[in-house]
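In what follows, a single structure is set out as structure tokens and then discussed.
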Amino acid sequence: MQKSLLLGVEAIAQGAIDGGMSGVYAYPGTPSTEITEYVQHSKQAKELNIHSKWSANEKTAMESALGMSYAGKRAMVCMKHVGLNVAADCFMNAAITGANGGLIITVADDPSMHSSQNEQDSRVYGKFAMIPILEPSNQQEAYEMARFGFELSEAFGTPVMMRITTRLAHSRAGVSIQEAVAQNELKLPEDKLQFVLLPGIARKRYKMLLSNQEKFEAAAEDSFFNFYKEGSDKSMGIIACGIGYNYLMENYPNGDCPYPIVKVSQYPLPRKMVEKISAECDQVMVLEEGYPVVEELLKGYLAKEKVIGRLDGTLSRDGELTPDMVAKALGMSIEEGMEIPDLVAARPPALCVGCSHHDVYRALNEVVADYGTGRVFSDIGCYTLGALPPYNAINSCVDMGASVTMAKGAADAGLIPAVAVIGDSTFTHSGMTGLLDAINEKAPITVIISDNESISMTGGQESSAKGKLEDICEGLGVEKEHIHVLLPVPKKHEEIKDMIRKECDYQGVSVIIPRRICVQKNIRDQKIKKAAKARAAAKA
Amino acid sequence: MKTDMVIAGVGGQGILSIAAALGFAALDNDLYMKQAETHGMSQRGGDVQSFMRISDQPIYSDLIPKGGADIILSVEPMEALRYLPFLKKGGYLVTNSTPFININDYPEEEKLVETIHSLPNYILIDADRIAKEEVGSARAFNFVMLGAASPFIEVPFEYLEEGIRKIFCKKGDDVVDMNIKALHAGRKFAEEHK
Ligand SMILES: Cc1ncc(C[n+]2csc(CCOP(=O)(O)OP(=O)(O)O)c2C)c(N)n1
Ligand code: SF4
């Protein structure tokens, strides 16, 4: 059969489309972004009228997906791992309400922090919420699991988590596509109180979730994606989770691993398989991408079982797995190539030439120098690169929206003036609620919304902030005379500086909006326009 | 057959089109392939790489083990050296000689060339010049590079041509021909210099 060449994330998207999904909800975040983008560009999805517009943040996305599930249709919500922190309130409670139409929460973790602030493991959240977790080991499984996830979700009336990591997300392989199934009809939950989590109802629903645990475990035991592979050498057994299984097999390319293996791609852990391998083998090695979630569970606090993995140093405690790391753990010798010559210099990412954030930092640095450095709170986006030379301009980057509220807290402590630098999309994601706090207390902070009319760090998606920033700020209560829109270009350097200085001296909330479209976004938009024109001309 | 290669460059140089052509070449001929790439932060002018694996047997890992790559194909000379730990004994380093300088401490070009000359197997090719002067399109330098690596890739050359045809077919015959010309120019250089 003809195979399609798909990234892991694209395989999930295609699987969801073919699995009868009616809507995907998401806020961009590496390495999850391309799931939604794939649906947005899919002709098939367009014909099927599948929802794929971006949400303002992960919480609104999760809630919308839950709403679609309530209405009986199949929905997927996608985010990067830290996005689940933002959506966690809804996520945890959705485990209690349960799902009506199939609901999959796809979370992409980023071990080794290629593009993230931390490497948290979403399986911990899945376990916390006590819902089934799917963890594909390759692109084909990613496709099949997206389809299967909806069935699993509907069979048990529960949300299902799909957990992937960077490597699978951004690696391409041939995937066999199967026939699509139809979307669900609108169908409200039979119990009209199912989603009303008043204590009396929530207690009942929680007991149901608890009693479902055995069923979830039995499903994992029977799952097509989990298996037990016998091996003759019982000195060790290996539990390989998700793509950990690939790195194991990479070291036995002929499939001749002498040790028994439990391959886990569906949780909760298949208990019988785990019990068998631990009973038969002298030692159990756990290969898992991310935190030592399974290892810790098996080892227990008193470390009674002979379990080895990331906790005892057999494998590195942090960072993503690699085939070499696994080979070393298996006691195999690895032949590394030559060392990197000393003359090879680091090449960190940098702001593009002509980027508007340059103009903002150039001006801001000169002003801040007069007040003393260490007072600029920033956020997450391309502008975070202002932390690196030549600017060294910012003093924080923690979680989306934190610039505004950290500046407020610091100002409360007496660090006046305090400045926040935030992007347009980050502002509407989570900055505007914090701004309300600042306004209500008339905190002496200056908020610079560096508006490039784009969600650039993740590839130039449409920003929900577009054309709305001044109105939002004014609506929240920033005084009109302290809201300024500027054009960040080198020619206006002095003007920008004067404005920042003036507002830093104001003892209340001010918002400065330097606005110029992202250079890359502009190039892309022009290309799309040109292509559309050419198409129109060809038609005429 | 099995070829593992690291494709390297700087974010924005377009190494993914090389990987895409190879991917189609492999898939259309019922070979297995896996290709891991860099998205996100480092695409802003940082170092980027793609691990490309093609085989007639199933492939497990998306990553190539250290010391496991048959080829390093780099569109930038310093970036080529960054992946030496992945190069197999006897493997080939194929790199463009035109530097991409967006950092202050970029090494002296002479020293770079010296280091590359000290390697046992390498092709050092001015793909930018060949693309401009011999092919007639500066943009085609990526496929000059693929051509230069092609003698060491265990995929029939015609498959690579097909791959290029597939990714550029929507852009018209001129673009297809230009890039196939680039592929041939790169291959010719490598045959003469390997
Ligand atoms: C909770 C959370 N969601 C998503 C991300 C991924 N992310 C990082 S920066 C960014 C885009 C920010 O866009 P904007 O604020 O407009 O700044 P720009 O990159 O355009 O300068 C996104 C989506 C994240 N780090 N955390
Ligand atoms: S992508 Fe856009 S916002 Fe990001 S650095 Fe480049 S020009 Fe600036």
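The values are calculated or read from the model by the stated rules, or taken from the named source; none is laboratory data. Predicted model, so just to flag it, every value in this text is computed and none were measured. We place every Cβ from the backbone using ideal geometry, glycine too, and count neighbours over all the protein chains shown. Accessible surface areas use protein heavy atoms only, side chains included; no ligands, DNA or RNA. Shrake-Rupley method; radii C 1.70, N 1.55, O 1.52, S 1.80 Å.
In a simple Cβ point-charge model (Lys, Arg +1; Asp, Glu -1; nothing else charged), chain A has a dipole of about 1420 debye relative to its Cα centre. About the centre of its Cα atoms, segment A:227-302 shows a dipole size close to 260 debye [charges on the beta carbon of Lys, Arg (+1) and Asp, Glu (-1) only; nearest 20 debye]. According to the square roots a ≥ b ≥ c of the eigenvalues of the Cα gyration tensor, what is the shape class of segment B:19-66, taking rounded for a/c under 1.5, prolate for a/b larger than b/c otherwise, and oblate for the remainder? Oblate, because a/c is 1.5 or more while a/b does not exceed b/c.
Within chain A, the longest segment free of exposed loop sites, counting chymotrypsin sites (Phe, Trp or Tyr not before Pro) that fall outside DSSP classes H, G, I, E and B and have at most 16 other Cβ atoms within 10 Å, spans A:1-223. What percent of all Cα-Cα pairs in segment B:68-136 falls into each 5 Å bin, going from 0 up to the bin containing the maximum distance? In order of increasing distance, the bins hold 4, 17, 27, 23, 16, 10, 3, 0 percent.
Remark on the protein assembly as shown: hydrodynamic radius 27.5 angstrom, per the Kirkwood mean of 1/r across alpha carbon pairs. Seen from residue A:349, the other residues with C-beta closer than 12 Å to its C-beta sum to a net charge of +1, counting Lys and Arg as +1 and Asp and Glu as -1. Which of rounded, prolate, oblate describes segment A:2-208, given a ≥ b ≥ c as roots of the alpha-carbon gyration tensor eigenvalues and a/c under 1.5 marking rounded, otherwise prolate only if a/b is larger than b/c? The shape class here is oblate. With K and R counted +1 and D and E -1, the other residues having a Cβ less than 12 Å from that of residue A:65 yield a net charge of +1.
What number do you get for segment A:227-302 when its Cα radius of gyration is normalised by 2.2 N^0.38 Å, N = residues? Before the final figure, lay out the partial values.
Working: Rg = 11.7 Å, N = 76, 2.2 N^0.38 = 11.4 Å.
That works out to 1.02 for segment A:227-302.
Taking segment A:476-512 and a reference point 7 angstrom along Cα→Cβ of residue A:416, the backbone N atoms nearer than 14 Å belong to A:504-510. Taking amide H as placed 1.01 Å from N in the peptide plane, the amide H of residue B:48 sits under 5 Å from that of B:9, B:10, B:11, each at least 5 places away or on another chain.
Straight-line reach from residue A:229: taking Cα to Cα under 23 Å and skipping same-chain neighbours fewer than 8 places apart, the lysines in range are A:263, A:272, A:276, A:299, A:306, A:328. Note that segment A:312-326 has calculated 3J(HN,Hα) couplings of 9, x, 4, 10, 4, 5, 10, x, 6, 6, 9, x, 5, 4, 5 Hz, one per residue in order, obtained from phi through the Karplus relation 6.51 cos²θ - 1.76 cosθ + 1.60 (θ = phi - 60°); glycine and proline are x. Taken over the C-alpha atoms, segment A:62-152 has Rg and Dmax values of 13.0, 39 angstrom. Backbone amide hydrogens, once placed in the peptide plane, bring residue A:418 within less than 5 Å of A:446, excluding anything fewer than 5 places away on its chain.
Summary: within chain A, the longest segment free of trypsin sites (Lys or Arg not before Pro) located in DSSP loops with at most 12 other C-beta atoms within 10 Å is A:1-186. Exposed loop sites here mean GluC sites (Glu not before Pro) with a DSSP loop assignment and at most 14 other beta-carbon atoms within 10 Å; chain B contains its longest site-free run at B:1-107.
Once you charge only the Cβ atoms, +1 for Lys and Arg and -1 for Asp and Glu, what is the size of the charge dipole of segment B:1-131 about its Cα centre, to the nearest 20 debye? Don't jump to the answer; show the numbers that get you there.
Working: 10 positive and 17 negative charges, 76 e Å.
Charge dipole of segment B:1-131: 360 debye, to the nearest 20.
Computed from backbone phi, the HN-Hα couplings of segment A:500-513 come to 4, 5, 4, 6, 5, 7, 7, 8, x, 7, 10, 10, 10, 10 Hz, rounded to whole numbers (Karplus: 6.51 cos²θ - 1.76 cosθ + 1.60, θ = phi - 60°; Gly and Pro given as x).
When accessible surface is computed with a 1.4 Å probe, chains B and A are found to bury approximately 4100 Å² between them, both chains counted. A cut-off under 11 angstrom between Cβ atoms defines the neighbours of residue B:68, and their net charge, with Lys, Arg +1 and Asp, Glu -1, is -1. Here segment A:484-540 and segment A:351-376 have alpha carbon centers that stand 16 Å from each other. For residue A:394, the residues whose amide H sits under 5 Å from its own are A:387, ignoring neighbours fewer than 5 places away on the same chain, with H placed 1.01 Å from N. Over the C-alpha trace of segment A:356-523, radius of gyration and Dmax come out as 14.1, 44 angstrom.
Rounded to the nearest 5, the antiparallel percentage of DSSP beta bridges internal to the protein assembly as shown is 30%.
Where a ≥ b ≥ c are the square roots of the eigenvalues of the C-alpha gyration tensor, would you call segment B:85-174 rounded, which needs a/c under 1.5, or, failing that, prolate if a/b is larger than b/c, or oblate? Walk me through the numbers before you get to the answer.
On the way: a/c = 2.51, a/b = 1.41, b/c = 1.79.
Oblate, since a/c reaches 1.5 and b/c is not below a/b.
Along its first, second and third principal axes, ordered by size, chain B spans 43, 39, 37 Å in Cα coordinates.
Hey, could you get me the Stokes-Einstein D for segment A:35-93, Kirkwood radius over alpha-carbon pairs, 20 °C and 1.002 mPa s, rounded to whole µm² s⁻¹?
On the way: Rh = 12.1 Å.
Stokes-Einstein gives a translational diffusion coefficient of 177 µm²/s.
Of the residues A:157, A:94, A:71, the one whose Cα sits farthest towards the positive end of the charge dipole of segment A:1-159 is A:71 (charges of +1 on Lys and Arg Cβ, -1 on Asp and Glu Cβ, taken about the Cα centre). Which entries in B:111/B:188; A:215/A:304; A:527/B:171 show an alpha-carbon gap greater than 19 Å? Flagged as over cut-off: B:111/B:188; A:215/A:304.
When both segment A:206-237 and segment B:4-39 are represented by their alpha-carbon centers, they are found 36 Å apart.
Separation of segment A:34-96 and segment A:242-260 by C-alpha centroid, Å? Going from one Cα centre to the other spans 34 Å. Toward the positive end of the charge dipole of the protein assembly as shown, with +1 on the Cβ of Lys and Arg and -1 on the Cβ of Asp and Glu, the farthest Cα among A:363, A:231, B:125 is that of A:363. For the cross-link pairs A:73/A:204; A:234/B:89; A:43/B:88, the ones whose C-alpha atoms lie over 31 Å apart are A:234/B:89; A:43/B:88. For segment A:16-33, the Karplus equation 6.51 cos²θ - 1.76 cosθ + 1.60, evaluated at θ = phi - 60°, returns couplings of 5, 4, 6, x, x, 5, 9, x, 10, 10, 6, 10, x, x, 5, x, 10, 3 Hz by residue, with Gly and Pro reported as x.
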